[in-house]
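Below is one structure, written out as structure tokens; the observations come after it.
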Amino acid sequence: MELLKLFSVTTEITVTAKVIGKYEYVKEGITHMVIRLDNATYQWVEATPKDPPTPQWSKLLATNIGDTVTVHVEKQGEKWIMTSFDNPNI
């Protein structure tokens, strides 16, 4: 069992960190929101309107640099995608 823990790969995690950058782009007509966190392991996380529930997507859009947020992310390919988002400042 300990050997399995040693070689396990994290594919989802919840992280609380400060937002140090916020960017958006449109691909195939869908807005993608990318936030940069002050977390050494999970620096860049991304979401589209279909990833977190609508109220959480709205909070993400209203988030400012300097806010501390909690995100649940899942690894999809090379990206960490937000499936849950909370910003207690909003």
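Each value in this text was obtained by applying a stated rule to the coordinates, not by laboratory testing. Bear in mind the structure is a predicted one, so any value in this text is a computation, not a measurement. All Cβ positions, even for glycine, are placed from backbone atoms using ideal geometry, and neighbour counts span all protein chains on display.
Brief remarks on what is shown
- Gyration tensor (alpha-carbon) shape descriptor, the chain, a/c threshold 1.5: prolate
- Charged neighbours of residue 66, selected by a Cβ distance under 13 Å, balance to +1 (K, R count +1; D, E count -1).
- Local electrostatic count at residue 44 - Lys and Arg +1, Asp and Glu -1, tallied over other residues with Cβ under 9 Å: +1
- Annotation for residue 68 and residue 22: the two label points, set 7 Å from Cα along the Cα-Cβ direction, are 1.8 nm apart.
- Straight-line cross-link partners of residue 75 among the aspartates and glutamates, defined as a Cα under 12 Å from its Cα and at least 8 positions apart when in the same chain: 12, 46.
- Set of lysines near residue 79 by C-alpha distance (under 18 Å), chain-local residues within fewer than 8 positions excluded: 22, 27, 50
- Only helices enter the 222 nm calculation for the chain: every DSSP H run of n ≥ 4 contributes -39,500 (n - 2.57), and dividing by all residues gives -4500 deg cm²/dmol, rounded to 500.
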